[in-house]
Amino acid sequence: QAGPNSLLSQLAETTSDRFVDRDPVYFSLLLSLLRTGALPSKVKDFDLRDLIEESRYYGLESLLTNSLTNPSQLDAFALQKSSILPLNGRDSPSAVATTPFGSLHVSHGSKITSFDWSLTRKSTILTQFPAVDSLLAISPDTAAAGATDFSGLQILDLQNGSVKQTLNWENATRSGSTVQAIGSSGEFLFTSFESSRRNSNSIMVYDLNTLNPVTEIGHNEIFGADIDSAIPATKLRWVSRYGLVMASGSHSGLSGVSGNIRFWDIRSGNVVFELKEKIDCFSDICVSDNLNAVFKVGVNSGEVFYADFRSLSSVNDNSNPWICLGDKRKVINGKKEGFGCKIENHGNQVFCSKGGDIELWSEVVMGSAKTSNGSEDQSTKRDFKKNMMGRVKDMGGSRITNLAFGGNKMFVTRKDQQVIEIWQGSARGI
């Protein structure tokens, strides 16, 4: 179970007696991990850093990491605020990026602070950006970063604070290009660029391993009052179920907030689905592979809506695919109830911030209806239920500015606070 590179495997191959001069109590914890795949409940009484050092000695750190940070162990209904990570300086977090097993990068002002999977601070580097607006974790030690007021997408080595490579978009006017959003799949890196003159925008696709450009999609040169073309993508998400890139952006004008959501096929460079937002445009949006749906929080109403992927092919300019999950409150005095709200999905749940609180939406599976030919009825309304997250003392507080997930934890940042909140369940383990 320990693997061929572990000390235990090496000892097993010897014929003579060996003595290992290490703490037997910590060894018993690691032995339980090998036997059952999980740590015993008494592990809570021990220091995590000491346990990590012991696991490294025996060559078992990967097994320990998987046991303590496996994403499948995130219990959405048990999440509660357990600790905070302070940041140095006076700047509040602007972006949070995570890796699947819980290492964390946080931008605050012109700095990026990194934490390993055990949430021990690894480094703080100073970037060339006045402020980092977009951040993506490529690996535990590498990140892609960009800003809306500084040209270029920078690939950063977070160990020594160096710029490994800068990616730029060559627009027609040859002016500088700023980064509006970053996304990735297992194979590609996606970047939304806008010219510094704000008269053109594009989405570039790069090979994630070589960082060579692969293709360009969504290239717009703006002439006159073409509002739709003038909106750059400010959120990019990969939809692995369909092999599409979701790109969304919005614009606030005299007539209110309008926007668009496009799903791009990077192989053909064509838009497969498009949603034009004019009534209660999204404040934020996410897409869920597991739930086969797109979710948004309306900027006017503050309500959560969903659109089933299976019905998007029939959407036209006059149809409304969105189904409200809330109580359809009326907008009073034009106040934007959803302004600043964030929405993200993890697994089979959708998390939406409302001010300082977090709503958890989960689907209640009632069984699918059938049409006359025996196929599934795609028009059947799905049933979602809402729960408020956390204990009473976790509720309220400053407005939430970021929600992110890594390993079996949720990370939360708030307006004007120089910390990251760690939310995790009360399951066994440290």
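The values are calculated or read from the model by the stated rules, or taken from the named source; none is laboratory data. Source: prediction; values computed, not measured. Note that each Cβ is placed from the backbone with ideal geometry, even for glycine, and that neighbours are counted across all protein chains shown. Side chains included, ligands, DNA and RNA excluded: accessible areas come from the protein's heavy atoms. Shrake-Rupley method; radii C 1.70, N 1.55, O 1.52, S 1.80 Å.
Here are the numbers for the structure shown:
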{"item": "W169 open to solvent by less than 60 Å² (accessible area, probe 1.4 Å), farther than 26 Å from S268 by Cβ, in a loop (DSSP other than H, G, I, E, B) and among the hydrophobic types (A, V, I, L, M, F, W, C)", "result": "no"}
{"item": "Test: D91 is in contact with a His (Cβ under 6 Å, 6 or more places away or on another chain), more than 24 Å from F193 (Cβ to Cβ), open to solvent by 40 Å² or more (accessible area, probe 1.4 Å) and not basic (K, R)", "result": "yes"}
{"item": "Single unsatisfied condition, D75 versus (1) among the acidic types (D, E); (2) under 26 Å from S185 (Cα atoms); (3) in contact with a helix residue (DSSP H, G or I) (Cβ under 8 Å, 6 or more places away or on another chain)", "result": "(3)"}
{"item": "Residue within segment 72-88 that is open to solvent by 30 Å² or more (accessible area, probe 1.4 Å), among the acidic types (D, E) and closer than 22 Å to K409 by Cβ present", "result": "yes"}
{"item": "Within segment 378-391, considering residues that are open to solvent by 50 Å² or more (accessible area, probe 1.4 Å) and either hydroxyl-bearing (S, T, Y) or outside any strand (DSSP E or B) (or both), the one modelled with the highest pLDDT", "result": "R391"}
{"item": "Residue among E303, E337 that alone is open to solvent by 30 Å² or more (accessible area, probe 1.4 Å), in contact (Cβ under 8 Å) with a residue 24 or more places away in the chain and acidic (D, E)", "result": "E337"}
{"item": "Filtered residues of segment 2-27 (kept if touching a helix residue (DSSP H, G or I) at 6+ places or on another chain (Cβ under 9 Å) and open to solvent by less than 80 Å² (accessible area, probe 1.4 Å))", "result": "A2, G3, S6, L7, L8, V20, D23, Y26, F27"}
{"item": "Matching option when the condition is assigned by the TED database to the domain that holds S83, at pLDDT below 90 and open to solvent by 70 Å² or more (accessible area, probe 1.4 Å), among D317, D394", "result": "D317"}
{"item": "Selection within segment 397-415 - assigned to a loop (DSSP other than H, G, I, E, B) and either surrounded by 24 or more Cβ atoms within 10 Å (Cβ to Cβ) or at positive phi (or both)", "result": "G397, G407"}
{"item": "Restricting segment 283-296 to residues that are open to solvent by 10 Å² or more (accessible area, probe 1.4 Å) and not in a loop (DSSP other than H, G, I, E, B), the residue that is farthest from Y206 (Cα to Cα)", "result": "S283"}
{"item": "Inter-residue pairs, beta-carbon under 8 Å, first crowded, with 23+ Cβ neighbours inside 10 Å and in segment 140-155, second outside any strand (DSSP E or B) and not hydrophobic (A, V, I, L, M, F, W, C), 6+ apart", "result": "A145/T127; G146/D133; A147/P130; A147/D133; L153/N168"}
{"item": "Those strands (runs of 3 or more DSSP E) lying entirely in segment 212-272 with at least 1 residues open to solvent by 50 Å² or more (accessible area, probe 1.4 Å), acidic (D, E) and out of contact with any Asp or Glu (no Cβ under 6 Å at 6 or more places or on another chain)", "result": "213-221"}
{"item": "For G253: the one exception among (1) in contact (Cβ under 8 Å) with a residue 40 or more places away in the chain; (2) more than 19 Å from L167 (Cα to Cα)", "result": "(1)"}
{"item": "Looking only at segment 139-163, and only at residues there that are of a type in the set (A, V, I, L, M, F, W, C) and in contact with a strand residue (DSSP E or B) (Cβ under 6 Å, 6 or more places away or on another chain), the one that is farthest from G186 (Cα to Cα)", "result": "V163"}
{"item": "Residue in segment 367-375 that is open to solvent by less than 60 Å² (accessible area, probe 1.4 Å) and modelled with pLDDT of 85 or more present", "result": "no"}
{"item": "When residues of segment 39-61 are limited to those that are among the aliphatic types (A, V, I, L, M) and open to solvent by less than 30 Å² (accessible area, probe 1.4 Å), the one nearest to A2 (Cα to Cα)", "result": "L60"}
